[in-house]
Amino acid sequence: MGPAPTRPTCPVCRHNATDARVCARCGWTLATPPWLDLDAEADVTAFAAELAARRRAFDLAAAALAAGFPVGGDTALFTRLAGRVRGGRPDSAELASATRDAPAPPEGQPVAALVAPAVARLVGAADRARTLAVLDVHAEGVTVARLGVDAAGVPSVVEPVRLVGWREVLPGLPPTADDLLLALAGGVGASEDVPDPDRARPPAVSADEVLVLHRLAGWPVPDAVAARLGTPHPVRRGQPPLDEDAAAAWAALAPLRHDYRLVLVAVDGRGATRPVSRRLFASGTSAAGRPVASVAVTGPVRPAALHPVLAVVTGPPGTPPRQCAPVAVFHARLRPNTRDTLEFRLDGPGRVALLRPDGEPAPEALATWPDVLDDVPAVYRPDAHAADVVFAVELCGRPLAAAQRRRDLVAEAIDHLGRVHPAPDSVRVAVLGYRDHVAQGPRALAGSRRFGTVAEAAAVVAGLAAGPLTEPWAAPVEDALARARRLDWRPAPVARRLVIVGSRPPHLDYDASAPRCPHGCDWRRDLALLDNLAVHHVAVWDRPAWSERDIPEARQAIEAWRAFGLPRLPLLLDRVDAARVVREARVVPKAAPTAPLLFPLPVPTDTSDPEDRR
């Protein structure tokens, strides 16, 4: 039993009585004119019965409301609450009437529809220190969540979500759970503990905006408390509760304050660099639906051990990348000097995932942004130390060991090149092995069809097999020269190199001691065309014994191998090693390369984004 009221109250609803004749809350007659009572005992009995019925009806209405009637009500809860009403046990008709006549609650809105505009206002506010408090009024009390936003416009829960129970909010509530529900719904019940909303102590919150979610709209006590908290917004039934996960989800679906942009480095015709950015996600974009953005870039040329940096930043329009706030930084695997398409997914403000290519987060670069921009070289000339190198090697010999020595020298030269070049990823290599026409049919070439990496070239050499010598006076060097001329040489300043390792001279364009080339190749013409392409060539001659004799074939061999080595004399196979071959080919630069560029380069594209052209 609760404390006795200190002022007159209505005997039905316990509402504070006034001088009015009828209770403003429940309609019970509080005062009548004087009347002459001829049958006082019967009148007292009738009055008691009517008062009991009115009390039952009043409490049953509250029980039906608390149990969720008239639609989707909880029958078991209603039955329990009906056992706590005043005025005796209700009959079936009274129970049915209470559930049938219960007022329908307001339709209400989904929580997301109520919270999203408030979070959008929080993110869009110019004042970075603004906060939003969300108060959720429900059957267990008032849950309080407080959200703030950082300098990058990323909202987050700034303090633990807390629940303030009803007995803390409103002293004087009944001690049991069922009586508590009945009292919140406006009933009195057997406990006779009636809370006074005027004595409520709502949770103290400090925020620039307060949003009140009201899940108990139509319940007298929560209505009064919610009105003191702010403007109540009825919530549709069945919505998920407010907890840490829900608050974090609201923050994740907030719109972006500013564009999210990918930092790239543009390079002009002189090699001068400057950081630029390309838009990934426009301001106002929400992570609902997990939007994906793609952008085409060119991978920078850099040492293989260093992975390119993919930095996503944000800031007001026109803000240079260095002054933007970092959102996410990744180390990615991009192919050097090759166009790639990057894909990113927006998972929420401050949360961007790299979908393609493979990569991993770079927390140190993120924490120290924009320090990584300090490592961007002022001048980027990735081709200044690049080279395209062709090795043409004769694969026939008598004995076979002679051909194997030539092949081994090429393999060792390629290995040495990969180890001593400061930027081996900038070097492309092709290997052309040539065998006798007679033994191998019309096409005597084996090996590369195009330039590849140093490692790929090493694999090609390993797969070349030596073969027997069938034509003593000539080998199809001219086939190798014709193939070399047709390869996809890169333009200057990429160095172009040709290394010929062989023994016999090429076939002539007419029949002599050796038959003419069956393909009509002319080694002088193709060598001149390679000279026109600025291909520097080096000759390594495995000089046959017959070339020392005073015979026409020897003179032809000497003429050809001197031409292959111009402007130097040909190197002799038994007097050189791999390091000498690489040195004579001038593949390794004398000056150290510039500092590596780790940011991708933009691919020219039509765009309506003015910042993409900055």
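The values are calculated or read from the model by the stated rules, or taken from the named source; none is laboratory data. Quick caveat: nothing in here was measured; it's all calculated off a predicted structure. We place every Cβ from the backbone using ideal geometry, glycine too, and count neighbours over all the protein chains shown. Side chains included, ligands, DNA and RNA excluded: accessible areas come from the protein's heavy atoms. Shrake-Rupley method; radii C 1.70, N 1.55, O 1.52, S 1.80 Å.
Table for the structure above
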{"item": "Which numbered condition GLU159 fails, given (1) in contact (Cβ under 8 Å) with a residue 40 or more places away in the chain; (2) surrounded by fewer than 17 Cβ atoms within 10 Å (Cβ to Cβ); (3) touching a strand residue (DSSP E or B) at 6+ places or on another chain (Cβ under 6 Å)", "result": "(1)"}
{"item": "Helices (runs of 4 or more DSSP H) completely within region 341-441 that count 3 or more residues being open to solvent by less than 30 Å² (accessible area, probe 1.4 Å)", "result": "400-420"}
{"item": "So ALA224, is it open to solvent by 20 Å² or more (accessible area, probe 1.4 Å) and of a type in the set (A, V, I, L, M)", "result": "yes"}
{"item": "Among (1) open to solvent by less than 50 Å² (accessible area, probe 1.4 Å); (2) of a type outside the set (S, T, N, Q); (3) under 25 Å from ALA67 (Cβ atoms), the one test that PRO240 misses", "result": "(1)"}
{"item": "Residue within region 187-203 that is part of a loop (DSSP other than H, G, I, E, B) and within 30 Å of GLY124 (Cα to Cα) present", "result": "yes"}
{"item": "Residue ID - farthest from ALA365 (Cα to Cα), chosen from residues in region 262-296 that are β-branched (Val, Ile, Thr) and open to solvent by less than 40 Å² (accessible area, probe 1.4 Å)", "result": "THR285"}
{"item": "Residue list for region 58-95, restricted to those being among the aromatic types (Phe, Trp, Tyr) and open to solvent by 20 Å² or more (accessible area, probe 1.4 Å)", "result": "PHE58, PHE69"}
{"item": "Unmet criterion (only one of (1) modelled with pLDDT under 80; (2) under 28 Å from THR99 (Cα atoms)) for CYS23", "result": "(1)"}
{"item": "Residue match in region 46-57 (condition: out of contact with any strand residue (DSSP E or B) (no Cβ under 9 Å at 6 or more places or on another chain), open to solvent by 80 Å² or more (accessible area, probe 1.4 Å) and either within 30 Å of VAL158 (Cα to Cα) or of a type in the set (S, T, N, Q) (or both))", "result": "no"}
{"item": "Hits in region 125-142 (condition: within 16 Å of VAL210 (Cβ to Cβ), part of a strand (DSSP E or B) and open to solvent by 10 Å² or more (accessible area, probe 1.4 Å))", "result": "THR131"}
{"item": "Residue match in region 249-261 (condition: assigned to a strand (DSSP E or B), touching a residue at least 40 places away in the same chain (Cβ under 8 Å) and open to solvent by less than 60 Å² (accessible area, probe 1.4 Å))", "result": "yes"}
{"item": "Any hit, region 162-174, residues being of a type in the set (A, V, I, L, M), closer than 30 Å to PRO317 by Cβ and in a strand (DSSP E or B)", "result": "no"}
{"item": "In region 297-314, the residues that are among the small types (Gly, Ala, Ser), touching a residue at least 60 places away in the same chain (Cβ under 8 Å) and either within 16 Å of SER283 (Cα to Cα) or open to solvent by 10 Å² or more (accessible area, probe 1.4 Å) (or both)", "result": "ALA304"}
{"item": "Those residues of region 569-587 which are within 12 Å of ALA413 (Cα to Cα) and either in a loop (DSSP other than H, G, I, E, B) or among the aromatic types (Phe, Trp, Tyr) (or both), in sequence order", "result": "VAL576, ASP577, VAL587"}
{"item": "Close pairs (6 angstrom Cβ cut-off, 6 or more residues apart or separate chains): at positive phi in region 533-547, open to solvent by 20 Å² or more (accessible area, probe 1.4 Å) and modelled with pLDDT of 95 or more anywhere", "result": "ALA534/ARG496"}
{"item": "Count of region 513-556 residues which are polar (S, T, N, Q) and either closer than 16 Å to LEU569 by Cα or assigned to a strand (DSSP E or B) (or both)", "result": "2"}
{"item": "GLU168 vs. criteria out of contact with any Leu (no Cβ under 7 Å at 6 or more places or on another chain) and either crowded, with 23+ Cβ neighbours inside 10 Å or without any contact (Cβ under 8 Å) to a residue 40 or more places away in the chain (or both)", "result": "yes"}
{"item": "Residue in region 455-509 that is nearest to the chain's Cα centre (by Cα), counting only those that are buried (at least 24 other Cβ atoms within 10 Å of the Cβ) and in a loop (DSSP other than H, G, I, E, B)", "result": "PRO476"}
